[in-house]
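Participant: I am attaching a structure below and will ask some questions about it afterwards.
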């Protein structure tokens, strides 16, 4: 029988654990061997123990029964323990592969793979795979061995009756094959909807403030209820398809059993079999029904596991960011050249950036301004190579960034985004994030430069205080300053500031802006700011409209020109006056 490719791949991954799996299979073989032994014991008892002429000691009976079940208990424990040992390690291995891949994929990966779906694959679908291996494969091997052992014993006892009993096996195979296709398609749909439901839950827990302020509770309830109901319906379809297999199998077994009993009675009347042989045969046949029932039941979990494996391996096989490239042997000077750069987001028709030609000198502060959608963030995100350009190239110190190893390239950059990301760790760990050997004095200096001293002094454990999920225990301004402190700590030659002071009040903004002004000295700094008053001292200001550079100059030069920048400045100044 040809194995499905995903199952073959999974079995290939169990190679490092083959010793424990071999012991588990030995345990299954030992368990299966006890099944016909019990039936054989019944024959001996009836033929020799109840005839009035005992040919063995009575104490052999309890000894044999207890011995069989002790042996069976030991083998069952060995099977369970060894399979658990192997499958838990396989589970960790799969999750490691998935986690490593989500660290390595390009940022654009999440445009087609929502966070909730990724979490669902890592937590739920991978567990489905392990359940399939641990339960389904265990059942298939152990119960198959049991069926083989019992059938061999049945042939030994009475081959004519066994031929009648064995007719139900191909019929069961036909039923399993018929239901398998339907279960596979239903399972794929079930896992898809389960991922959508996980996404709704993840978004709802993350967006509590927006939901409450904008009154979105009913909308979220409707979204949840709709997907939960669809999930329930698919679950019922799967259950009904799966449940129909079991009673059909049992009816077939009952038909075979009925015919066997009739033939056995005829043979008994003709002295072709003994009472012990008949009872032993019926006992073995009844014992055969349970493993056959288990084999019929594995189809549902098997199809669920195979469908889950398809989703898990799709994530593991997702294309990573580029690898290779040259390592930078020294700190970059910070010169950036944009040469005929163009870029279009995947799946979009309209280019986000047209033909961009720009040179930024080492230590220069260049601000990018323009209306929303003008291409400011896109242009800046090309510098760390979050996306690769469609046309032209970007150079760092004269070297194309595509030829530089990503880790080495990004080591030259620090970034503060308007969407601050903090980790559920200590203040110190967040400031020194990415440093394998953090320097306590540098952390303190960075916190002081970002004007966090007063906040840290008020925290219960100071720098060692946990900040909560994404800094939930801090105010918006404190979170922003934490991100700035992290950039200060890295001390990179290139700074990317995307609305770095957007969440600060006026007093904090002045203090942090002073710290940033000092930090920017001697560093190449790319600044995105909607508040034009924060970039007046920039070396140059680049105005982007529709993905094209329309103006470049200092604040004074652009105001004097009376063009796009002057219009933006007047609009913003008028708005501030009205406010």
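Participant: With the requirement that a residue be in contact with a helix residue (DSSP H, G or I) (Cβ under 9 Å, 6 or more places away or on another chain) and either assigned to a helix (DSSP H, G or I) or not assigned by TED's automatic domain parsing to the domain that holds residue 430 (or both), what does the range 470-485 give you?
Facilitator: Result: 470, 471, 477, 478, 479, 480, 481, 482, 483, 484, 485.
Every residue, every condition in (1) assigned to a helix (DSSP H, G or I); (2) in contact (Cβ under 8 Å) with a residue 24 or more places away in the chain, yes or no:
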| position | (1), (2) |
| --- | --- |
| 276 | yes, yes |
| 283 | yes, yes |
| 287 | yes, yes |
| 305 | yes, yes |
| 308 | yes, yes |
| 318 | no, yes |
| 340 | no, yes |
| 349 | no, no |
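Participant: Mind checking which residues of the range 452-472 are more than 26 Å from the chain's Cα centre (by Cα) and closer than 12 Å to residue 483 by Cα?
Facilitator: Residue satisfying the conditions is 452 alone.
Participant: If you don't mind, there's one more thing I want to ask. Which residues, taken from the range 17-28, are out of contact with any helix residue (DSSP H, G or I) (no Cβ under 8 Å at 6 or more places or on another chain) and closer than 19 Å to residue 93 by Cα?
Facilitator: 18, 19
Participant: Still on this structure: I'd like the full set of residues that are within 18 Å of residue 324 (Cβ to Cβ) and more than 33 Å from the chain's Cα centre (by Cα), limited to the range 382-394.
Facilitator: Once the filter is applied, which keeps residues that are within 18 Å of residue 324 (Cβ to Cβ) and more than 33 Å from the chain's Cα centre (by Cα), the range 382-394 yields 393, 394.
Participant: Quickly run through the range 313-366 and pick out the residues that are on the phi > 0 side of the Ramachandran plot and out of contact with any helix residue (DSSP H, G or I) (no Cβ under 8 Å at 6 or more places or on another chain).
Facilitator: Within the range 313-366, 324, 334, 340, 363 qualify.
Participant: In addition: Residues that are at pLDDT 85 or above and either touching a helix residue (DSSP H, G or I) at 6+ places or on another chain (Cβ under 9 Å) or surrounded by fewer than 16 Cβ atoms within 10 Å (Cβ to Cβ) (or both): does the range 56-71 have at least one?
Facilitator: Yes, there is a match, as at least one residue in the range 56-71 is at pLDDT 85 or above and either touching a helix residue (DSSP H, G or I) at 6+ places or on another chain (Cβ under 9 Å) or surrounded by fewer than 16 Cβ atoms within 10 Å (Cβ to Cβ) (or both).
Participant: Given the conditions (1) surrounded by 18 or more Cβ atoms within 10 Å (Cβ to Cβ); (2) in contact (Cβ under 8 Å) with a residue 60 or more places away in the chain, and given that residue 361 satisfies all but one, which numbered condition is not satisfied?
Facilitator: Of (1) surrounded by 18 or more Cβ atoms within 10 Å (Cβ to Cβ); (2) in contact (Cβ under 8 Å) with a residue 60 or more places away in the chain, only one is false for residue 361: (1).
Participant: In addition: I'd like to know if the range 80-95 contains one or more residues that are closer than 30 Å to residue 387 by Cβ and assigned to a helix (DSSP H, G or I).
Facilitator: yes
Every residue, every condition in (1) under 38 Å from the mean Cα position of the chain (by Cα); (2) not assigned by TED's automatic domain parsing to the domain that holds residue 498, yes or no:
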position	(1), (2)
326	yes, yes
340	no, no
347	yes, no
350	yes, no
354	yes, no
361	no, no
365	no, no
373	yes, no
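Participant: (1) at pLDDT 90 or above; (2) part of a helix (DSSP H, G or I); (3) in contact with a helix residue (DSSP H, G or I) (Cβ under 6 Å, 6 or more places away or on another chain): which one isn't true of residue 379, the others all being true?
Facilitator: In the conditions (1) at pLDDT 90 or above; (2) part of a helix (DSSP H, G or I); (3) in contact with a helix residue (DSSP H, G or I) (Cβ under 6 Å, 6 or more places away or on another chain), residue 379 misses (3) alone.
Participant: What is the residue count in the range 364-374 for residues that are assigned to a loop (DSSP other than H, G, I, E, B) and at pLDDT 90 or above?
Facilitator: 1
Participant: Right, residue 390: farther than 25 Å from residue 566 by Cα, assigned by TED's automatic domain parsing to the domain that holds residue 552 and exposed (fewer than 15 other Cβ atoms within 10 Å of the Cβ) or not?
Facilitator: When the stated conditions are applied, residue 390 passes them.
The values are calculated or read from the model by the stated rules, or taken from the named source; none is laboratory data. As the structure is a computational prediction, the values presented were derived from the model and not from experiment. Virtual Cβ from ideal backbone geometry, glycine too; neighbours counted across all protein chains shown.
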